[in-house]
Structures are given as structure tokens and as C-alpha cells.
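Since every read-out is calculated from the coordinates, none of them should be taken as a lab result. Since the model is a prediction, treat every value here as computed from it, not as a measurement. Don't worry about glycine lacking a Cβ; one is built from the backbone with ideal geometry, like all the others, and counts go over all protein chains shown.
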Amino acid sequence: MMRRLLVALGVLGLFAALTVALTWPQAAHLRTHVPPFDDSLLSIWRISWIAHALASAAPLVDANIFHPELRTLAYTDAVLLQGLIAAPFIHAGASPVLVYNLLILGSIALSGAAMCLLARRFTGSLAAGLVAGTIFAFVTFRFDHYQHLELQATVFLPLAVWFLDRAFESGRWRDIAGFGACLVLQALSGIYYTVFLATALAIAIPWRWVTLPAPRRLRFAKQLAAVALVSGVVAAPYLAIYMQNRSSVGERADSEVRLYSATPPNYLSSHSASVLHGSWGERLGRSERRLFPGVLAIGLAALGLWGWSARKTTVVIIGVVGFLLSLGLNTPVYTLLRELVFTYRGLRAPARAAVLVYLALAVLAGYGWRAVLLKRPRWTMVGTAALIGLLFLEYLTLAPAWLVLPARPPAVARWLAQQPRSVVVEFPLPKADALHSIHDGLYMYASIFHWQPLLNGYSGFYPRSYIELIERMRGFPSDEAIAYLKQRDVDIIVLHGTYMKPDQLGEWAATLSARADAQVVAEFQEPGGPDIVFRLSRPTRTIPAPTSPR
């Protein structure tokens, strides 16, 4: 028992060290530095909102963005599990930025350890497991999505396959229950991967079931049905929120899905920051479609294909299904799935199904390395260490130009925290054809210090009311624009000079100051320009007295 514990700690320590090294200097700036994308800010806001809702009377899913829309936390993957993990630390006073960064790094390291566990079970070799874990944890795809908290949450994918394999062999309830728990936990931490894995297992499980001895098939089918029922009941309330949102946010347009559908050449495309492959691989695919798994992983996986086994075929099926799904609307398979399965209509990026390809490649690479070690057993320690070093070099990716967040909340956020509940709109807004502007992400990040309702927001979906807001604000601060804001119950307007040209800020501030219904209530000097706060007066709404029925 002690030996197993020491081995487990050693494996975790190895993957933690590799994670720190391959993401350096992230570990040196955990409280301030994040990848320079709005998705980083979105994730910090998500886990902070969950912590806030758990400690207050705020409805969990009705977050403070896109006021007055409902269920706005579920306009993207809510990362509920990560939020629940983060909440005690945030409540204890830990910086949300620190917690977010630790969740990212921890997800990567734990994913490597989980894959090591799976590959070791399949191959019987710890060395093979370490190689497989290194591939799965650090494939360049990870660094293309480094800012996405939900896309780093892959620990339950290999664990689900591990429990499933144990259940097929043992027939024990605890193993099949572990499999169901992994599916539920994966759903709570990342819906994309849950949908893709469930689709792959819908093919892999029946195939593996047929290989069981006839007397065990009926029992296993009953066990699987029972666990599927319980897992569905547990996950149903969470998934039902997304079904409710379909009426307000609609479904993904074909043009958007096609943009993020992979093609076979994309599997030769690498991140531009990859030290070894970025100079040539970037030309074969961009943004969400840089899917190259690496030369060593492909070579070892090809070697690992030699020889048939039920386990090996299971992961091959998972990998093939993942590849087909990643092609999205470039195949009729995905088109059919969108017609038959409602969850696929809300997915924007089919290329993310490549994670199942990496899962299969990692396991097969483990088989390949075991085959090498069977012929060269003396290579086990030194050879494995050298191979992990080579994988490290192949996956080495240059660090991004970090977004540095202030250690203290912005002054305007501290001021807003002292105000009574007020509906806030912050300027500048993005343009309708550039909704992924980072400004709304920064407004959302600042809102974790005051939690006032915002008309602003950034998420996976945008409600119609937000698109209308952008369109109606084209003439801001015209009379028509101000009248519209009053209709939307806006109390406070914030102008951020840091993100505006001085002439525009001066013109807007002068126009608002000249209005009788807008009053300057605060101004805060920031390095990039002042934040100017206006309070907008609105006519008092009177509720007519009820009339007696005739």
C-alpha cells in the first residue's frame, strides 16, 4: 500500500514539475498574470460568481451580465465543478486570479497522471504510462487553449475509460458507478468533452460488450442501464438550464460551426508559438484547428497499433470517432448528429473533439513504448527519461504576452461596491462585428469586486438584447441612445478613458455633463486615462392602482 502511495505521489510530482516547466513563467506570477484573452477573464468571473452565489442569496445561474437576461452563467460552459472547488479558497480570501491559474495548472498535471493510470493498466508498464501521460498532458493543442478552463479539464476522460475497463473485467458495481461518476463530473467541468466522449462510447461500449462471455452480458447491460439512469438524473437539472436558454440565445449558425470544423491537413498544423513546429505548422490551420499531435506521438502510436486486443480496439474506436467528430460539417456524420441530438446544436467548435484523438494516440503510444522496452529492457529508466525529455522539447511552446491584472480592484470597482444596487453600462462597447473585444471581459473581471448588474457581457452566446444594445448605442450619447438606456433601467454610465481616444472621451463627457438627466458623480485617474462615472436619472415609475372587477 505504501509503495503504491509513493508511486502515485511520484507520478503527480513529475507531472506537476513538467507542467510548471512547460508553462513557465506562469508559476512565478500566479496572482497577476493570465493569458491575454477575454476567455481568461471570463473564467475568473465564472468561478468568482459561483463563489459569490454560494455565499449569498444570488441565484446561481442568473449572473450579473447581460442584464436583465436570465441564466446568463449558462451562456457558456458554467464550469460548475471548478467553481465549487474554487469557492472555499475564494471565501477564505485567496485571489480569484491565483485560484484560476492553479485550476489551469492543476488540470493539466492531473490529466497527465490520469492518463498514466489508464495506460499503465492497459500496457502493464509504468514507463509506458508516463510516456502516454506526457503526450496527453502536453500535446500542443493544450497551449492553443491554455486560457480555456473547461478545455483543460480532461482528467475525467481517461478516468472514465479506466473505470469502464475495470467494470468490463470485474463486473463490480463500484467500477461501473465510478464510470458514471466520471461522466457526471466531466459534464460539470466541461460539456464539450462530455458530449464527444458519450458519442464515442455509444459505439465503443456495444463493441466491447459483445466480447463479454454470454452469461455476463445481461448483468452488465443492467448495471450500465442503472448507472446511466442515475447519472442522467443527477446531470439533468444542470443540462436543463442549457435547454431553457435555447429560446433566448438560439443555436449555432452553420457558418460558425463550419469555421471551426477541422480538415485532415489541420492535424499537421501546430501552434505558431511551438518552438519546433511553429515555423511551418501554422500555415495548415489556425485558431481551434491547430491539431498536430507531434512526431513522436504519431510514431509511437503507429508502433503501438501492432497486435490486436479488446482494450486497444476500444481506444482506437474512441480515437476514430473523435477524428470524425472533429471534422464537423465537413462530414455528413456531424450534420446528422446536429439534426438528431440537440446538444450538438449548441456546440461551436467541432475541432475540439480532437481531444479524443489525443487520448487514443497517448494510449497507443504507451503500447508502442512498451514494445520497445520489451526488446530493450535495459532502456526502461534511462530510455523513458530521455523520451520524456524529447517530448518536452517537441511540445515546448513560447509563453504568451501576458495580461497583467492589478493586485487591487480598480478604483471605480471599489466605488461601485459601495453603491446600492444599480444597473451599470460601461463604455466603450464592442462593435457588432467584433464582439470578442477584451473590454467586456475586463468589465466583467472588475465586476467581481462589486457584483452590480451589467448590461455588458462576454460569453459563448450573446442574447438578442445585447446585440440590440450595441446597435442602439451607435449614436451615443444622443437623446435616442440615452432614452434607450433609460428603458433598460440603467442607473450608472461609466466611461473608461483607458480604452478611448482622449478626443472621444472629452466629447462624450461634455455632452453627458450638459444633460439635465446625467450627473457626474465620480472620476478616478488611471494610468491610461480617467474613469468618469455618470448617474442617470430616470422618471419614477408609478404602478396604477388596481381596479375593482366589474
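Here are a few things to note about the model shown:
- With the highest mean first, a sort of the peptides 3-9, 372-378, 458-464 on other beta-carbon atoms found within 10 angstrom per residue produces 458-464, 372-378, 3-9.
- Proximal lysines relative to LYS375, as straight alpha-carbon distance under 28 Å, when same-chain residues fewer than 8 apart are discounted: LYS312
- The helix-based estimate of mean residue ellipticity at 222 nm for the chain, built from -39,500 (n - 2.57) per DSSP H run of four or more residues and divided by its residue count, is -18500 deg cm²/dmol to the nearest 500.
- R0 of 25 Å, Cβ-Cβ distance ALA411-ARG515: FRET efficiency to nearest 0.05: 0.55
- Considering all different alpha carbon pairs of segment 1-138, the Kirkwood hydrodynamic radius works out to 16.7 Å.
- Gyration tensor over the Cα atoms of segment 41-115: the corresponding equivalent ellipsoid has semi-axes (square roots of 5 times the eigenvalues, largest first) of 23, 14, 10 Å.
- Residue order, fewest to most surrounding Cβ atoms within 10 angstrom, among THR211, THR23, THR154, THR199: THR211, THR23, THR199, THR154
- Cβ-derived FRET efficiency at R0 25 Å, ARG421 paired with ILE470, nearest 0.05: 0.55
- Value of D in µm² per second that Stokes-Einstein yields for segment 122-209, Kirkwood Rh from Cα pairs, at 37 °C (0.692 mPa s): 233 µm²/s
- Estimated D of the chain in µm² per second, where Rh is the Kirkwood radius over Cα pairs and Stokes-Einstein applies at 4 °C, 1.567 mPa s: 51 µm²/s
- Between segment 43-63 and segment 493-509, the alpha-carbon centres lie 31 Å apart.
- Positive minus negative residues near TYR193 (Lys, Arg vs Asp, Glu; Cβ under 12 Å): -1
- Segment 147-190 and segment 519-533 have Cα centres lying 50 Å from one another.
- Among the chymotrypsin sites (Phe, Trp or Tyr not before Pro) within segment 305-373, those in coil by DSSP and having at most 16 neighbouring Cβ atoms inside 10 Å are TRP306, TRP308.
- Sparse packing (at most 16 other Cβ atoms within 10 Å of the Cβ) combined with a DSSP loop state is found for none of the trypsin sites (Lys or Arg not before Pro) in segment 41-131.
- You can think of it this way: the chain between LEU374 and LEU259 has 36.9 nm of extra reach, that is 0.36 nm per residue less the Cα-Cα gap.
- Inter-probe distance in nm under a simple model that places probes 7 Å from Cα toward Cβ, at LEU12 and THR498: 3.7 nm
- Relative contact order of the chain: 18 percent, from C-alpha pairs under 8 Å at least 6 residues apart in sequence.
- If you model segment 408-536 as an ellipsoid using its alpha carbon gyration tensor, with each semi-axis the square root of five times an eigenvalue, the axes come out at 19, 18, 15 Å, biggest first.
- Largest first, the extents of the alpha carbon coordinates of segment 203-258 on the three principal axes equal 50, 29, 10 Å.
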